[in-house]
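Q: Next up is a structure, given as structure tokens.
The values are calculated or read from the model by the stated rules, or taken from the named source; none is laboratory data. The structure presented is a predicted model; accordingly, all values stated were derived computationally and were not measured. Cβ placement follows ideal geometry from the backbone for every residue including glycine, while neighbour counts extend to all protein chains displayed.
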Amino acid sequence: MKGVIIVNQEVGHNRYKIDRLMDEFSKVNVPITVLVNDGTLARIENNNTQLTFEADFVIYLDKDNYLARFIEKAGIRLFNKADFIKLCDDKVLTYIECSNRGIRMPKTFAGPLMYREPHNDDYLFLNTVIKELGFPMVVKKVYGSLGEGVYLVNNYKELSNLYAEIYRNPILFQQYIASSYGRSLRVLIIDGKVFGGFVRFNHADFRSNYGDTADGATIENAEKYFNFAQYIADQLNIEYAGIDLVFDENEDPILCEINSNAFFEEFEKVTGLNVAKAIVTMILKKMANHE
């Protein structure tokens, strides 16, 4: 058996994750190759999907859903699967999929898609958003990670100026949870079960995971948070993910985001848990059982 790890453009932020996974795979004598998604790994030729590599499984540390689907079309097991990667990468799809399931989430509006420069009338919908969400409110680009593309706006001028700047992106408007300023809980799901969690906090920014001022700490009295995350994992049939929760005024959990290829360097350092070994164990079990 052999595996491939695919990253986007460069190893970059994935260095720790790759090194840890390769170390754990080496202990069970499974060779791993690291490939960069440079646009040449897959193509359609003679009416069929063709890949430039061979593998029994792929650990996909990218968000390129096209390549993910190429790989699955070629019959190679993908961790995570393409549908789940797409579900997590698109924040609005995440909220839609989690709706009607008893999963508590912030009130959210999906911005209209715009294919031209907005006219005056195109700003009128902001009045409804303001009426429903009030200020401050959170505005997010639908696609993004590490806190990039997430904004806190405090008045109409800030909101309209931001909209004029980012309107060509799919965006969402969301209720601001003031009680969770600069603070969130990351819960890791591995093989469908809660593996552990830790608190992320940032005293200098409302985004708990943004910039050099972010930090982490262990969580106490975690049962209600882990139960909530487990319910989400069961509802979405999650194999591996980082579920990010925020806290209401009573310290009860609210879903913030789900990450299909969550980083775990800080998680391992804060909790002392061996995430890489657990992921390897999951992959080998699923490959042996043809899951």
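Q: What strands (runs of 3 or more DSSP E) completely inside segment 210-260 contain at least 2 residues that are loosely packed, with under 14 Cβ neighbours inside 10 Å?
A: 214-218
Q: Within segment 178-196, identify whether any single residue is more than 22 Å from Pro106 (Cα to Cα), modelled with pLDDT under 95 and not assigned by TED's automatic domain parsing to the domain that holds Lys141, and answer yes or no.
A: Scanning segment 178-196, I find no residue that is more than 22 Å from Pro106 (Cα to Cα), modelled with pLDDT under 95 and not assigned by TED's automatic domain parsing to the domain that holds Lys141, so the answer is no.
Q: I've got another one for you. Here is a list: Asn169, Asn237. Which entry is outside the structural domain of Leu93 (by TED's automatic domain parsing), among the polar types (S, T, N, Q) and within 18 Å of Lys86 (Cα to Cα)?
A: One residue alone meets the criteria, Asn169.
Q: Among (1) over 30 Å from Val280 (Cα atoms); (2) of a type in the set (A, V, I, L, M); (3) in contact (Cβ under 8 Å) with a residue 60 or more places away in the chain, where does Ala164 come up short?
A: (3)
Q: Within segment 13-47, can you find the residues that are in contact with a strand residue (DSSP E or B) (Cβ under 7 Å, 6 or more places away or on another chain) and at pLDDT below 95?
A: Asn14
Q: Next up: Glu54 is checked against (1) over 30 Å from Lys224 (Cβ atoms); (2) out of contact with any strand residue (DSSP E or B) (no Cβ under 9 Å at 6 or more places or on another chain); (3) among the acidic types (Asp, Glu) and fails just one. What number does that condition carry?
A: Of (1) over 30 Å from Lys224 (Cβ atoms); (2) out of contact with any strand residue (DSSP E or B) (no Cβ under 9 Å at 6 or more places or on another chain); (3) among the acidic types (Asp, Glu), only one is false for Glu54: (2).
Q: Follow-up question, since we're still on this one. Which of the residues that make up segment 59-77 are crowded, with 21+ Cβ neighbours inside 10 Å, touching a Phe, Trp or Tyr at 6+ places or on another chain (Cβ under 7 Å) and part of a strand (DSSP E or B)?
A: Hits for segment 59-77 are Ile59, Tyr60.
Q: Considering only residues of segment 125-177 that are among the acidic types (Asp, Glu) and farther than 30 Å from Phe264 by Cα, which is surrounded by the most Cβ atoms within 10 Å (Cβ to Cβ)?
A: Out of the qualifying residues, it is Glu158.
Q: Within segment 233-257, which residues are in contact with a strand residue (DSSP E or B) (Cβ under 8 Å, 6 or more places away or on another chain) and farther than 19 Å from Met282 by Cα?
A: Asp244, Leu245, Val246, Phe247, Asp248, Pro253, Ile254, Leu255, Cys256, Glu257
Q: Still on this structure: Residues to consider are Lys141, Lys157, Lys107; find the one that is under 18 Å from the mean Cα position of the chain (by Cα) and not β-branched (Val, Ile, Thr).
A: Lys141
Q: Same structure, new question: Would you mind finding the one in Val199, Val187 that is closer than 28 Å to Leu273 by Cβ, free of Cβ contacts under 8 Å to residues at least 40 places away in the same chain, surrounded by 20 or more Cβ atoms within 10 Å (Cβ to Cβ) and under 19 Å from the mean Cα position of the chain (by Cα)?
A: Val199
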